Amino acid sequence: MFAATGGVNTHKGLIFSLGIICAAAAYCCTTRATASRLDEQIICETIAQMTKGLCESELVFLEKSTDLTVGERLYKEWGMTGIRGEVEAGFPTVREHALPVYRELKSSQRYHVNDICVQTLLQLMVVNEDTNVVGRHDRAMRFIADPF
């Protein structure tokens, strides 16, 4: 991916997230206790259990000071845990901010699915602590668009 993008990380967090979500969903589908009631809460709880200690093992005890990824650098500078923190907490930003917007707009039956998804993405971008965005600008730039 880095070769194709000239060394720029454009989708590493997304690929990481999708891999974890798929693994957790597959695990939940194979367990009798959760297979009959599979939903985002069950999947996100499983993800949090699967990734418990991720930030500590990858960021808190990070010993290197050179060749840091953007996420590692921002953790050292600002304490931002980025996608690692989001995953370890079971995607709270998605559950608490994006999904409610998606569900509300979808239930109104007034909007095209593309418009619903765009609005959901915008809501997620407003509240998400995205190290990919902050790494391209700075922490102050991230909050300029935040209306809250």
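Go through the residues of region 58-71 one by one and say whether even a single one is acidic (D, E) and in contact with a Leu (Cβ under 8 Å, 6 or more places away or on another chain). Break it down into steps so the answer makes sense when it comes.
Restricting attention to region 58-71, the residues satisfying the condition of being acidic (D, E) are 58, 63, 67.
Those still in the list that are in contact with a Leu (Cβ under 8 Å, 6 or more places away or on another chain) too: none.
No, that holds for no residue.
I'd like the full set of residues that are assigned to a loop (DSSP other than H, G, I, E, B) and among the basic types (K, R), limited to region 53-83. Give the derivation first.
Of all residues in region 53-83, those assigned to a loop (DSSP other than H, G, I, E, B) come to 53, 61-69, 79-81.
Selection gives K64 alone.
Tell me the helices (runs of 4 or more DSSP H) entirely within region 6-52 that contain at least 3 residues that are under 16 Å from G82 (Cα atoms). Can you show your working first?
Numbers: elements: 12-30, 32-35, 40-50.
Per the criteria, 12-30.
So which pairs qualify, if the first residue must be in region 22-34 and under 17 Å from F91 (Cα atoms) and open to solvent by less than 50 Å² (accessible area, probe 1.4 Å), the second must be at pLDDT 90 or above and part of a helix (DSSP H, G or I), the Cβ gap must be under 7 Å, and the two must be at least 6 apart or on different chains?
From region 22-34, the pairs are A24/I43; A24/T46; A24/I47; A24/M50; A25/I43; C28/I42; C28/I43; C28/T46.
Might you check whether a residue that is at pLDDT below 95, more than 22 Å from I15 (Cα to Cα) and open to solvent by 30 Å² or more (accessible area, probe 1.4 Å) occurs anywhere in region 78-89?
Yes, the conditions are met somewhere in region 78-89.
Here's the yes/no breakdown for (1) under 17 Å from L74 (Cβ atoms); (2) at pLDDT below 95; (3) touching a Leu at 6+ places or on another chain (Cβ under 6 Å); (4) assigned to a helix (DSSP H, G or I):
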position	(1), (2), (3), (4)
R95	no, no, no, yes
A98	no, no, yes, yes
R103	no, no, no, yes
K106	no, no, no, yes
N114	no, no, no, yes
V118	no, no, no, yes
L124	no, yes, no, yes
V133	yes, yes, no, yes
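Given the residues E63, E45, E72, E58, which is the only one that is farther than 18 Å from N128 by Cα, among the acidic types (D, E) and either without any contact (Cβ under 8 Å) to a residue 12 or more places away in the chain or open to solvent by less than 40 Å² (accessible area, probe 1.4 Å) (or both)? Talk me through it step by step, then tell me what you get.
On the way: E45 fails: either without any contact (Cβ under 8 Å) to a residue 12 or more places away in the chain or open to solvent by less than 40 Å² (accessible area, probe 1.4 Å) (or both); E72 fails: farther than 18 Å from N128 by Cα; E58 fails: either without any contact (Cβ under 8 Å) to a residue 12 or more places away in the chain or open to solvent by less than 40 Å² (accessible area, probe 1.4 Å) (or both).
Sole residue among the options that is farther than 18 Å from N128 by Cα, among the acidic types (D, E) and either without any contact (Cβ under 8 Å) to a residue 12 or more places away in the chain or open to solvent by less than 40 Å² (accessible area, probe 1.4 Å) (or both): E63.
Scanning region 98-116 for residues that are more than 27 Å from E86 (Cα to Cα) and of a type outside the set (S, T, N, Q), which turns out surrounded by the most Cβ atoms within 10 Å (Cβ to Cβ)? Step through it out loud before you land on a result.
Looking only at region 98-116, we keep the residues that are more than 27 Å from E86 (Cα to Cα), and these are 108-112.
Then drop every residue that is not of a type outside the set (S, T, N, Q), which leaves 110-112.
Numbers: R110: 9, Y111: 13, H112: 8.
Top of the filtered list is Y111.
The values are calculated or read from the model by the stated rules, or taken from the named source; none is laboratory data. Everything numeric in this text was worked out from a predicted model, so none of it was measured. In this analysis, Cβ positions are derived from the backbone assuming ideal geometry, glycine residues included, and neighbour counts consider all displayed protein chains. All accessible areas refer to the heavy atoms of the entire protein, side chains included, with ligands and DNA or RNA removed. Shrake-Rupley method; radii C 1.70, N 1.55, O 1.52, S 1.80 Å.
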